Structure formats: structure tokens, C-alpha cells
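Everything on this sheet refers to the single structure shown next.
Taken together, the values in this text are just the output of simple stated rules run on the coordinates, not laboratory data. A quick note: this is a predicted structure, and the numbers were derived from the prediction, not measured. Note that we place each Cβ from the backbone using ideal geometry, even for glycine, and neighbour counts take in every protein chain shown.
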Amino acid sequence: MSKNIYDLSDQLFQLRRDFLPHEIGGVFLSAEHVRQLTDGLMKMGQVALKDAHEISRHRWNLLAQSDRDVEGERIAELACQPGTNVHLFPLVPRPFSDGRPKGGAA
């Protein structure tokens, strides 16, 4: 997404403010002004599309996470029912190592 999430709306509101004085009398745009306007609209559209893709990605990831959580809970419930052949592994103490070599001269 854009660094300032309000950039796009700010630009659109500014464009509207620029046209407000011409609401009644109209306005003539030269070819250069039309080109500038269409270039600006294209840039705003690209920003909007990029932001929409990122928002969509976040929504899909949130949905996928909630689906995984629900499915995990369902599997855990099924596994804990009496009469299943699911057994937990016994807890085995594991040796701890801080990564430093043992023994030897310092």
C-alpha cells in the first residue's frame, strides 16, 4: 500500500475542489491539460489497484488463518473423543544446550 494511506483520497478530493469553481460555467481544457488530467487519473488508478490488491491479500490471509484454526480445533476434538486410536506422545525430557562446546581448556 502507499506510504500514506490517505494519499489517494486526498488527491481525489483535490481534483474535485479544482473543478468545483467550474460547475456552473464549465471549463475548456487544452490537449495538454487533458493529458495531465488523464495521466493523474491513471496514477491514482494504479495506486488504488495496488492498495486493493494488498487489502485483498490481507483479507484472504485472515480468512485462511481462521479456517486453519477452526479445522485444527475440529481435529483436536475428534482426536480427544473416547474410543479413538489417537495417543499423545509421552513427554521426553530433552537435553539443553546453549551451543557452547563442552569441556576443553579455556
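Report the extension gain between LYS102 and GLN81 in nm, rounded to one decimal, defined as 0.36 nm multiplied by the number of residues separating them, less their alpha carbon distance.
Working it through step by step, the gained length comes to 3.0 nm.
So, R0 is 41 Å and r is the distance between the beta-carbons of LEU91 and HIS58; what FRET efficiency does that work out to, to 0.05?
Plugging the Cβ-Cβ distance into 1/(1 + (r/R0)^6) gives 0.65.
Roughly how tilted is helix 31-79, in degrees to the nearest 10 and between 0 and 90, from the longest Cα axis of the chain?
Around 20 degrees separate the two axes.
For Rg/Rh (Cα atoms, Kirkwood Rh), several values are listed as [x] 1.91; [y] 1.44; [z] 1.01; flag the one computed from this structure.
It is the value labelled [y].
Which chymotrypsin sites (Phe, Trp or Tyr not before Pro) does region 1-39 hold that lie in a coil by DSSP with at most 10 other beta carbons within 10 Å?
Within region 1-39, the qualifying chymotrypsin sites (Phe, Trp or Tyr not before Pro) (loop, at most 10 other Cβ atoms within 10 Å) are TYR6, PHE28.
Please work out the FRET efficiency for the pair LEU37 and TYR6, using the Cβ-Cβ distance as r and a Förster radius of 22 Å; give the result to the nearest 0.05.
The formula returns an efficiency of 0.55 here.
Starting from the Cα gyration tensor of region 51-94, take the square roots of the eigenvalues, sort them a ≥ b ≥ c, and report rounded, prolate or oblate (rounded when a/c is under 1.5, otherwise prolate if a/b is larger than b/c, else oblate).
Because a/c hits 1.5 or more and a/b fails to exceed b/c, region 51-94 counts as oblate.
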